[in-house]
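What follows is a short report on a single structure.
The values are calculated or read from the model by the stated rules, or taken from the named source; none is laboratory data. A quick note: this is a predicted structure, and the numbers were derived from the prediction, not measured. Positions of Cβ are generated from backbone atoms using ideal geometry, with glycine treated the same way; all protein chains shown enter the neighbour counts.
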Number of protein chains: 2
Amino acid sequence: MTSHFEKVTEISLKRAIIYPDAEMHGQMSGFFDYGSVGSEIKRRWENAWREHFLSLNQNFHEIQTTIVMPEQVFKASGHLEHFHDPVAVCSKCGVSERADHLLEEFLGEKFEGLTVQELNALMKKHKIVCTKCKAPFKEIEDKSLMFPLQVGASEDKTIGYLRPETAQGPYASFKREFRANRQKLPLGLAIIGKAFRNEISPRQFVFRTREFTQAELQVFFDPKELPEVPFHEVKDYELIVLPVGAKDAKKVKCSKAVKELGMSEFFVYFMAKMQQFIESMGLPGKFRFAQLSDEEKAFYNKYHWDLEVFCPSFGKFVEVAGFHYRTDHDLGGHAAVSKENLNIPGKDYVPHVLELSFGVDRNVFAVLDNAFREESDRTYFALPQAVAPWDAGVYPLVNRESMPEKALEVFKALRESGIKAFYDASGTIGKRYARADEVGVPFGITIDGDTLKDGTVTVRHRDSKEQERVSAAQLPERLCELAATPQGKL
Amino acid sequence: MTSHFEKVTEISLKRAIIYPDAEMHGQMSGFFDYGSVGSEIKRRWENAWREHFLSLNQNFHEIQTTIVMPEQVFKASGHLEHFHDPVAVCSKCGVSERADHLLEEFLGEKFEGLTVQELNALMKKHKIVCTKCKAPFKEIEDKSLMFPLQVGASEDKTIGYLRPETAQGPYASFKREFRANRQKLPLGLAIIGKAFRNEISPRQFVFRTREFTQAELQVFFDPKELPEVPFHEVKDYELIVLPVGAKDAKKVKCSKAVKELGMSEFFVYFMAKMQQFIESMGLPGKFRFAQLSDEEKAFYNKYHWDLEVFCPSFGKFVEVAGFHYRTDHDLGGHAAVSKENLNIPGKDYVPHVLELSFGVDRNVFAVLDNAFREESDRTYFALPQAVAPWDAGVYPLVNRESMPEKALEVFKALRESGIKAFYDASGTIGKRYARADEVGVPFGITIDGDTLKDGTVTVRHRDSKEQERVSAAQLPERLCELAATPQGKL
């Protein structure tokens, strides 16, 4: 039987959504391309993220900093010292595995955060051998996840690194942006961009890759004068949370979360905004904020919640975003290494940072995975319109009686109204519907004999397959009206 | 006297348009960030490019392929063998310079394309020494511009490279996209994304950097059945061309260019579309297509024209885009190295490639540089609205008499109409206008005493400083109307 995961990835390859990079050359593992359909879905997801998070405060801005950054940045951030994973290399075939993942697979427990010594002891105790050739592994060693680069020619070359997260850009640019934006706090700096990690064993499609896209917002604020937020907007909104030690996730209203989770309104507000965004992506209530324990979370994080979504492909909840109150760790580190004074003017401390971090690839996959539907005669992605690759397909029923001309007119009128449509006249109308359904296009507009008589067209709804007649002149308006329904917006 | 270049870059730094990456850590040369203002200008430029070029044909699509690509790709493309520059290293202080640029500075002639032997001979003949320490240079050597990376752990690691151009993505993905898009030609695959070159001496602000953004469209077509294009749209449009051997650029109508430049309508059409795009960016007619001679152009290019724009900062024409008919070089190379058959179905040859290549950073800078205006009491960027960082600023005249509340209402209404506005209530109204002018915001909307009486607001025009009264209810409509003027569109 073909699994949910196989079905989704097969369509992804066939219809140019996501596929491995440079396949024809026998590609490197952990690198994926977004194709002609997937690139639109991803871009629209990013636009929705941008609109949602950057409209929260007038002093939240997007910036685009470089991917290659100098060594000093990663001294300041701690990545050079701390950013590594334990690797187990087979003594015979040379295959590499992440030691903690290997143990997790064999023993069914989590081993993240153990030392190399502890992992080596466990490997020996449980006699873990290579799954491929049954030979024992060499001693486990820590391996850096950073990609170093030699920048410049010969004598004057320096060492740079591909950024392993977008976050360091806003920290390294903080001083200039703070000044350019009139030294006001809170200041939000967001980046939507690529990051790179030399993962030991990339796996789970786009869930653990070596090149990936992040959408991260760093909010800089004065910890002694927490910024005001319009908390009334969310006070009755229910967070779904799984606190440390709890067995099951539970719903808690934001107004109660302040006391129950022991966090100020400022923090609860941003948790709510994160959850509302995930919700708007058509995910069927199957998400939760999972709190990390003191052993699991980075030492500098005062609060650390993973936002997890249930993915049918994996049969479990997977992390797609994170809520991190990083305190003064970042600006403190950059100030110490660079000797720049990054204090809040008139204060003797640096701004604190709240980070809202989203893995774009994981989110896009989680949306597709949850939107996948199978019926006897078709499959489709029940995508919210905000992330559908097109808003509508426009089809002449047949290629005669001036239907194509009329259809092209309708197509053009839609494009001019800002509706993303495509025109398709190839094959039977049934095949064209199926083709559009397969990639999640919400509406099909058909021009038929009646159109030529009375000027109406058929609007076919992807999910219900229901059809309605609409006057061509009112079509853009009608589609915008439909867009305001829970399916999403144009 | 402060030069044009110094004025533009100073504002760029001060107002968070473009600034060096990781300045606080003493950054590496050749890496620039787009700040909170510049990132908007760049993003809007990219959106305009996307809209212009991807609407030319329904089978033109955007894709996003990886930045790190495997070694085989660059064997196929020829980059590993051919992509290097001659470097001269000072025997005493170790400074590195590009040998041909060094000779050009000393002798005032162009030396691109000479061999290492020829360059060494010229260096000795003219006794070129280091400008810093006057010591002689070591022998010139070719240095690769590629950034290699070790991917994976220990024994199973492979070599990848940061792409030096986005173009290889569409070539390596051609087979999958061709199949997913019903094997139709022409097929256009565009990428807007980062590329990396280990330049020996980065210079001229964002004109020669090590990390940069390209917007490139690769059009795959059958050379024996050139695709039809709507040539009538451009037949009377005048190209500005500087053919090889000509002293001055001249205007030539597209209908005549076919014969005069010896190129089919298919090619002339795309040259026109490139020039029209540059024109729409508010560049004051100071552009030209400069043809490259056989010595200058890559051996595989059948046609090669640089699109150049005059930049006041440099006092000369600079290359911002290229028109390259690359024949079968690319798919031929990838087919040979991968042993995949990339032939057009039923034919014994691979599709040919026409590449429209834009350097995004260069274009953004050229737009800013040409838009810079200086008056006795202010400076401003006369940016077309399409690339202005915001469409409008909304200002209460004073912070009392409920003007701020009314202004926030207007601000909200504009945002809901899809107009990108900001709200600003800090400082005198004159300072607020000046601040918005400085980064090129086309309209200022002021809410004053009359607004509270009769519901009208003042619309101030950036370039003329002229003001008009408009009813607040009609404001979004009026701004859209103004946007249809040559200033650009919302």
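Select from segment A:190-218 the residues that are of a type in the set (F, W, Y), modelled with pLDDT of 95 or more and over 10 Å from the mean Cα position of the chain (by Cα) and list them in ascending order.
Result: A:F196, single match.
Being in a strand (DSSP E or B) and either more than 30 Å from B:F60 (Cα to Cα) or more than 8 Å from every other protein chain (Cβ to nearest Cβ) (or both): is that true of B:A121 here? It would help to see each step written out before you state the result.
On the way: in a strand (DSSP E or B): no; either more than 30 Å from B:F60 (Cα to Cα) or more than 8 Å from every other protein chain (Cβ to nearest Cβ) (or both): yes.
Here the answer is no, as B:A121 does not meet what is asked.
Got a sec? Which of A:T131, A:T115, A:T166 is more than 11 Å from every other protein chain (Cβ to nearest Cβ), surrounded by 21 or more Cβ atoms within 10 Å (Cβ to Cβ) and not aromatic (F, W, Y)?
A:T166
When the residues of segment A:27-47 are narrowed to those that are part of a loop (DSSP other than H, G, I, E, B) and more than 7 Å from chain B (Cβ to nearest Cβ), which ends up farthest from the chain's Cα centre (by Cα)? Working first, answer last.
Step one: list which residues in segment A:27-47 are part of a loop (DSSP other than H, G, I, E, B), which gives A:27-31, A:35-37.
Of the ones still in play, those that are also more than 7 Å from chain B (Cβ to nearest Cβ) are A:29-30, A:37.
Details: A:S29: 20, A:G30: 16, A:V37: 17 Å.
Only one residue fits best here, namely A:S29.
For the condition among the hydrophobic types (A, V, I, L, M, F, W, C), loosely packed, with under 14 Cβ neighbours inside 10 Å and under 18 Å from B:D142 (Cβ atoms), what is the one hit in B:A121, B:A99?
The match here is B:A121.
For every residue, the table says whether it meets (1) free of Cβ contacts under 8 Å to residues at least 24 places away in the same chain; (2) in the same structural domain as A:I419 (by TED's automatic domain parsing); (3) polar (S, T, N, Q); (4) touching a Lys or Arg at 6+ places or on another chain (Cβ under 9 Å).
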residue	(1), (2), (3), (4)
A:G26	yes, no, no, no
A:V37	no, no, no, yes
A:N57	no, no, yes, no
A:I63	no, no, no, no
A:I67	no, no, no, yes
A:A76	no, no, no, no
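Residues checked against (1) of a type in the set (G, A, S); (2) closer than 20 Å to B:E40 by Cα; (3) buried (at least 23 other Cβ atoms within 10 Å of the Cβ):
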site: B:V387; (1), (2), (3): no, yes, yes
site: B:K406; (1), (2), (3): no, no, no
site: B:K420; (1), (2), (3): no, yes, no
site: B:A425; (1), (2), (3): yes, no, no
site: B:F443; (1), (2), (3): no, yes, yes
site: B:L452; (1), (2), (3): no, no, no
site: B:T456; (1), (2), (3): no, no, no
site: B:K465; (1), (2), (3): no, no, no
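Give B:K259, B:K224, B:K247, B:K273 a once-over and let me know the one that is assigned to a helix (DSSP H, G or I) and surrounded by fewer than 16 Cβ atoms within 10 Å (Cβ to Cβ).
Step by step, each of B:K259, B:K224, B:K247, B:K273 is checked, and only B:K259 is assigned to a helix (DSSP H, G or I) and surrounded by fewer than 16 Cβ atoms within 10 Å (Cβ to Cβ).
Cβ-Cβ distance below 6 Å, separation of 6 or more or different chains: which pairs start in segment B:9-21 with a residue that is without any contact (Cβ under 8 Å) to a residue 40 or more places away in the chain and in the same structural domain as B:V439 (by TED's automatic domain parsing) and end on one that is of a type in the set (K, R) and not in a loop (DSSP other than H, G, I, E, B)?
none
In segment B:176-211, how many are buried (at least 23 other Cβ atoms within 10 Å of the Cβ) and among the aromatic types (F, W, Y)?
1
Looking at segment B:4-26 only, could you name the residues that are more than 17 Å from A:P70 (Cα to Cα), within 10 Å of chain A (Cβ to nearest Cβ) and not aliphatic (A, V, I, L, M)?
B:K14, B:R15
Test each condition in (1) more than 30 Å from B:T115 (Cα to Cα); (2) crowded, with 23+ Cβ neighbours inside 10 Å; (3) modelled with pLDDT of 95 or more for B:A22 and report the one that comes out false.
(3)
Give segment B:39-55 a look and list any residue that's without any contact (Cβ under 8 Å) to a residue 24 or more places away in the chain and over 30 Å from A:F174 (Cβ atoms), or say none.
Those that are without any contact (Cβ under 8 Å) to a residue 24 or more places away in the chain and over 30 Å from A:F174 (Cβ atoms): B:E51, B:S55.
Scan segment B:337-353 for residues that are within 14 Å of chain A (Cβ to nearest Cβ), not hydrophobic (A, V, I, L, M, F, W, C) and not in a loop (DSSP other than H, G, I, E, B) and jot them down.
B:S338
Go over the candidates B:P351, B:P312 one by one and state the one that is under 16 Å from B:P227 (Cβ atoms), assigned by TED's automatic domain parsing to the domain that holds B:M263 and of a type outside the set (S, T, N, Q). Walk me through it before giving the result.
Numbers: B:P312 fails: under 16 Å from B:P227 (Cβ atoms).
Result of the check over B:P351, B:P312: B:P351.
Within segment A:344-385, take every residue that is more than 18 Å from A:I11 (Cα to Cα) and within 14 Å of the chain's Cα centre (by Cα) and give me the one that is surrounded by the fewest Cβ atoms within 10 Å (Cβ to Cβ).
A:S357
Away from every other protein chain (no Cβ under 11 Å) and on the phi > 0 side of the Ramachandran plot: does that describe B:F221?
Against the criterion (away from every other protein chain (no Cβ under 11 Å) and on the phi > 0 side of the Ramachandran plot), B:F221 does not qualify.
What pairs come up if the first residue lies in segment A:327-347 and is not assigned by TED's automatic domain parsing to the domain that holds A:F299, the second is buried (at least 19 other Cβ atoms within 10 Å of the Cβ) and not in a loop (DSSP other than H, G, I, E, B), and their beta carbons are under 8 Å apart, counting only those six or more places apart or on different chains?
none
Residues in segment B:57-108 that are β-branched (V, I, T), farther than 22 Å from B:D328 by Cα and part of a loop (DSSP other than H, G, I, E, B): how many?
Count: 3.
Filter segment B:276-301 down to the residues that are of a type in the set (K, R) and modelled with pLDDT under 95, then identify the one that is surrounded by the most Cβ atoms within 10 Å (Cβ to Cβ).
This residue is B:K297.
Restricted to segment A:317-336, and to residues that are among the small types (G, A, S) and more than 14 Å from chain B (Cβ to nearest Cβ), which residue is surrounded by the most Cβ atoms within 10 Å (Cβ to Cβ)?
A:A321
For segment A:30-87, enumerate the residues that are closer than 25 Å to B:R197 by Cβ and among the polar types (S, T, N, Q).
A:S39, A:Q64, A:T65, A:T66, A:Q72
Quick one: A:F231 ticks every box in (1) away from every other protein chain (no Cβ under 14 Å); (2) in contact with a strand residue (DSSP E or B) (Cβ under 8 Å, 6 or more places away or on another chain) except a single one, so which number is it?
(2)
Can you pull out every residue in segment B:147-163 that is touching a Leu at 6+ places or on another chain (Cβ under 9 Å), closer than 30 Å to B:L102 by Cβ and surrounded by 18 or more Cβ atoms within 10 Å (Cβ to Cβ)?
Correct list: B:F147, B:L149, B:Y161, B:L162.
Going by the structure shown, is B:D100 modelled with pLDDT under 90 and either assigned by TED's automatic domain parsing to the domain that holds B:R210 or aliphatic (A, V, I, L, M) (or both)?
So B:D100 does not fit the description; no.
Going by the conditions given, is A:P202 within 14 Å of chain B (Cβ to nearest Cβ) and closer than 21 Å to A:A366 by Cα?
yes
Give me a count of the residues in segment A:53-88 that are of a type in the set (S, T, Y), surrounded by 18 or more Cβ atoms within 10 Å (Cβ to Cβ) and within 8 Å of another protein chain (Cβ to nearest Cβ).
2
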